[in-house]
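S.K.: Here's a structure for you.
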Amino acid sequence: MTSRRTLSILYTLHSWAGIVTGLLMFVVCFSGAVVVFKHEIDLWANPGLEALPRVASPVGPDAVLASLAERHPGVRPESLLAPDDTSPVWFVSAKAGPGEPRVKLAARADTGEIVGPVDSERGQFIRTLHVFLFFGPRWIVGFLGVAMFFLIVSGTVIHRKVLKELFTLRWGRSFRLIASDFHKAAGVWGLLFHGVIAFTGAWLGLAPVFERAYEHLLPSGQAAVSVARTGMAAGSALHPELEAMLAASAGAAVPPRAAASGGRAAVPVDALMHQAARDVPGFLPRRVSLRGGEGDGGRASVAFTGPLRDSLYANASVRYDAATGALLEKRDPRQRGFWSQFNGLMEPLHFGDFGGLVLKWLYFLLGLTPAALSLSGTLIWIDRRKHRRVSRTASAAQQSGPAQQAGPAAPRPVAARQPGPAATQPAVFGAASDPADGRWTRV
């Protein structure tokens, strides 16, 4: 049984934690509810993309890169995003040169032809707002997730009559009472969802910080992590199937590649994408990242990331040497122990992008409730403080009233009058002094 003092302390901490983080919490929760429709928002902002054909078997990234090199020779591609059930096109992120702004281009899924720049990136804008708040690293949002989780736990302990508060909403009462009932009911109805969102948000924001700290504490942390992530020696030979694929295409016209090393043509990205699906069974490559070798000993590489078929894991990845096709790194959550599998579930559970449009709408509606809770909690706190100020003012007025009425001379007695109907009436509200003669009269 929680003591009254503990409840009072929790109530104070709950109130102040909500007030201090209220504005940022509202921004993060509201943007998080909207960002589940990130890709749909991009399509809505670019209606011309919906008119492009949807194909069951889109062309590979090499056709897109060839079209990009033909249409925009000076543009350097950085990443490609493959078509899916939502998007009917390839998306290409590219830069014209060092220091130049990044642009996003769309390419047809059936031919790979570049159709032009994407007019708006509202979806990415909202995601950046949700993940980074525009001004800081992701761990800031991670700390907000910790604060949200504390608010959930403390609110549950404070309001212990959970079943009773499920349906308590007293309309027609004061604003503070209605807002308080809504605050408690919304918190109870969305309790499980709010807990999942808070925990996964805190994990996604803070886990990389702890991971980097752990790596720095190890004597040979970087090498150990590299071996664990790769699953095989870096710079290993080409896979036999990839060699056969390259041999079959020998002598064919090679489209412009994403990167080259030592004067040799880079390995076709299409071949590496097929190889990635073989190296990680069930892997569905969705994003292609083209790295120029900065920070990796000058070695250009091609990396693929995406989900695993019939699984919630969305963080599988494979990286190859762009010049030789040698496997550099492989991450398969299913083969890396409990914590890797646990980490792989965090992002799908947080963003709800694993169950189609129906689940996205459910995440959107439930995701609005934490934003409403931060707003209603702030309004309740402001209204309570206003009522406290009014009460203190009234109390001070009542205490100073008798002192102001008291004087050096006692009030003169009222002359006796004959009893009558008016004289026998009781006092209605109280007594007041008559400034004319200082006598006490009924009012």
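S.K.: If a residue must be hydroxyl-bearing (Ser, Thr, Tyr), under 20 Å from GLU347 (Cα atoms) and touching a residue at least 40 places away in the same chain (Cβ under 8 Å), how many such residues does the stretch 89-140 contain?
M.R.: 0
S.K.: Keeping to the stretch 83-103, report how many residues are farther than 21 Å from ARG291 by Cα and of a type in the set (S, T, N, Q).
M.R.: 2
S.K.: Further, regarding this structure: Collect the residues in the stretch 45-56 that are over 17 Å from VAL92 (Cβ atoms) and in a loop (DSSP other than H, G, I, E, B), keeping them in residue-number order.
M.R.: Matches in the stretch 45-56: ALA51, PRO53, ARG54, VAL55, ALA56.
S.K.: A further question follows. Exactly one of (1) under 26 Å from SER301 (Cα atoms); (2) out of contact with any Gly (no Cβ under 6 Å at 6 or more places or on another chain); (3) not in a strand (DSSP E or B) is unmet by VAL59. Its number?
M.R.: Of (1) under 26 Å from SER301 (Cα atoms); (2) out of contact with any Gly (no Cβ under 6 Å at 6 or more places or on another chain); (3) not in a strand (DSSP E or B), only one is false for VAL59: (2).
S.K.: Which residue out of ARG76, ARG54, ARG5, ARG71 is of a type in the set (D, E, K, R), without any contact (Cβ under 8 Å) to a residue 12 or more places away in the chain and out of contact with any His (no Cβ under 8 Å at 6 or more places or on another chain)?
M.R.: The unique qualifying residue is ARG5.
S.K.: While we're looking at this one, here's another question. Would you check if there is a residue in the stretch 143-166 being surrounded by 15 or more Cβ atoms within 10 Å (Cβ to Cβ), modelled with pLDDT of 80 or more and on the phi > 0 side of the Ramachandran plot?
M.R.: no
S.K.: Could you look through the stretch 91-116, keep only residues that are under 12 Å from PRO58 (Cβ atoms) and touching a Pro at 6+ places or on another chain (Cβ under 6 Å), and pick out the one that is surrounded by the fewest Cβ atoms within 10 Å (Cβ to Cβ)?
M.R.: Ranking the qualifying residues of the stretch 91-116, first place goes to ASP110.
S.K.: Any idea how many residues of the stretch 63-90 are assigned to a strand (DSSP E or B) and among the β-branched types (Val, Ile, Thr)? Walk me through it before giving the result.
M.R.: Quick first cut of the stretch 63-90, residues assigned to a strand (DSSP E or B) only: 76-81, 89-90.
Retained after the next criterion (residues that are among the β-branched types (Val, Ile, Thr)): 89.
So the answer is 1.
The values are calculated or read from the model by the stated rules, or taken from the named source; none is laboratory data. The shown structure was predicted, so the numbers you read here are calculated from the model rather than taken from an experiment. Counting neighbours? That spans all protein chains shown, and the Cβs are built from the backbone with ideal geometry, glycine included.
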